[in-house]
Amino acid sequence: MRIPESELVINGDGTVFHLHMRPEQLADNVILVGDRARVDVFRPYFDTVESETSSREFVSVTGVCRGRRFTVLSTGIGMGSIDIVMNELDILANIDLDAREPRDEHRTLRILRVGTSGAIQPDIPIGGYVFSEYSIGMDGILNWYAGRSKVVDEEASRALAAHAHITGDIVNPYVVKASGKLASLFVDKAFMGMTVSAPGFYGPQGRSVRLPLALGSMVEDFESFSYRGRRILNFEMESSVIAGLGRQLGHEAGTVCMILANRYRKSMNTDYKSMMDGFVSMVMDTLTGE
């Protein structure tokens, strides 16, 4: 069935609405970063660059690294932009933009967010890496899509809400698993566990500057939570929507983060850019099998 112009928005130059990319500019291997400037950190790893795009916070570079084709794309901060990115990546991969119809054959993307994060466990060091094997969504984005229950671990979601005294007046948290294939690549290179994906940086991550918090013990409750041997290791702001929409859309999706702060130890490294090269090198070595 033809998808109408109001639902599938295509720019006059044939690019998808927000990302300003054409289907041929998208590689099967997609790396998501938050900061536009972080795309340039990946650029030296490309043997050749095929295309570059820029629109608002969305900057992309597509090229070849060690014989494999990659797209590196910036997303900005937060889950709202991730909803745009995940849907438009799938549009580029699986919609015929001329016919405005789904393609007959599904194309599966491998989508990895490479980000930064704050740890809540005392044993997770600044500069260490965390792979979000499970993400805890503290937003409502997945609730707007049918089939939420097919990708959410409802038992874990209820256990977390009860343990952290989270009521429906605040949010109904959901727990969603990342791609097992992606997780297996990082099992010996990163701490594996659960990640809280928050819809904000301050209150939703338990930071109180001038405003009091609705859940004053939230960070401590998350720190003490365990589900089937898995602990909550860190806070960030995108992983749950990446994993949830990735699973619903049929893509291999996940998040790996470098730790900049330890909330338990009250420590923070704001000069993290000096550590990014090592992080990116580890990621590219892992994704290219070296």
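The values are calculated or read from the model by the stated rules, or taken from the named source; none is laboratory data. Quick caveat, the model's predicted, so the values are computed rather than measured. Neighbour counts run over all protein chains shown; Cβ positions are idealised from the backbone, glycine included. What goes into the accessible areas is simple: the full protein's heavy atoms, side chains included, and nothing from ligands, DNA or RNA. Shrake-Rupley method; radii C 1.70, N 1.55, O 1.52, S 1.80 Å.
Run Ala162 past the list (1) open to solvent by 10 Å² or more (accessible area, probe 1.4 Å); (2) among the small types (Gly, Ala, Ser); (3) touching a Leu at 6+ places or on another chain (Cβ under 8 Å) and report the number of the one that doesn't hold.
Here Ala162 clears every test but (3).
Does any residue in the stretch 130-154 that is under 20 Å from Tyr227 (Cβ atoms) and in a strand (DSSP E or B) come within less than 8 Å, Cβ to Cβ, of a residue that is open to solvent by 30 Å² or more (accessible area, probe 1.4 Å) and among the β-branched types (Val, Ile, Thr) six or more places away or on a different chain, and which pairs are these?
Qualifying pairs under 8 Å: Phe131/Val187.
Please enumerate the residues belonging to the stretch 1-59 that are surrounded by 18 or more Cβ atoms within 10 Å (Cβ to Cβ) and in contact with a His (Cβ under 8 Å, 6 or more places away or on another chain).
Phe58 - this is the single residue of the stretch 1-59 that is surrounded by 18 or more Cβ atoms within 10 Å (Cβ to Cβ) and in contact with a His (Cβ under 8 Å, 6 or more places away or on another chain).
Let's see how each residue does on (1) free of Cβ contacts under 8 Å to residues at least 12 places away in the same chain; (2) closer than 24 Å to Lys266 by Cα; (3) hydrophobic (A, V, I, L, M, F, W, C); (4) part of a loop (DSSP other than H, G, I, E, B):
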site	(1), (2), (3), (4)
Val72	no, no, yes, no
Val85	no, no, yes, no
Asp90	no, no, no, no
Ala99	no, no, yes, yes
Arg107	no, no, no, yes
Gly118	no, yes, no, no
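Would you be able to say whether some residue in the stretch 94-111 is over 20 Å from the mean Cα position of the chain (by Cα) and at positive phi?
Yes; the residues of the stretch 94-111 include at least one that is over 20 Å from the mean Cα position of the chain (by Cα) and at positive phi.
State yes or no: is Asp153 over 19 Å from Met237 (Cβ atoms) and surrounded by fewer than 15 Cβ atoms within 10 Å (Cβ to Cβ)?
Working: over 19 Å from Met237 (Cβ atoms): yes; surrounded by fewer than 15 Cβ atoms within 10 Å (Cβ to Cβ): no.
It is false that Asp153 is over 19 Å from Met237 (Cβ atoms) and surrounded by fewer than 15 Cβ atoms within 10 Å (Cβ to Cβ).
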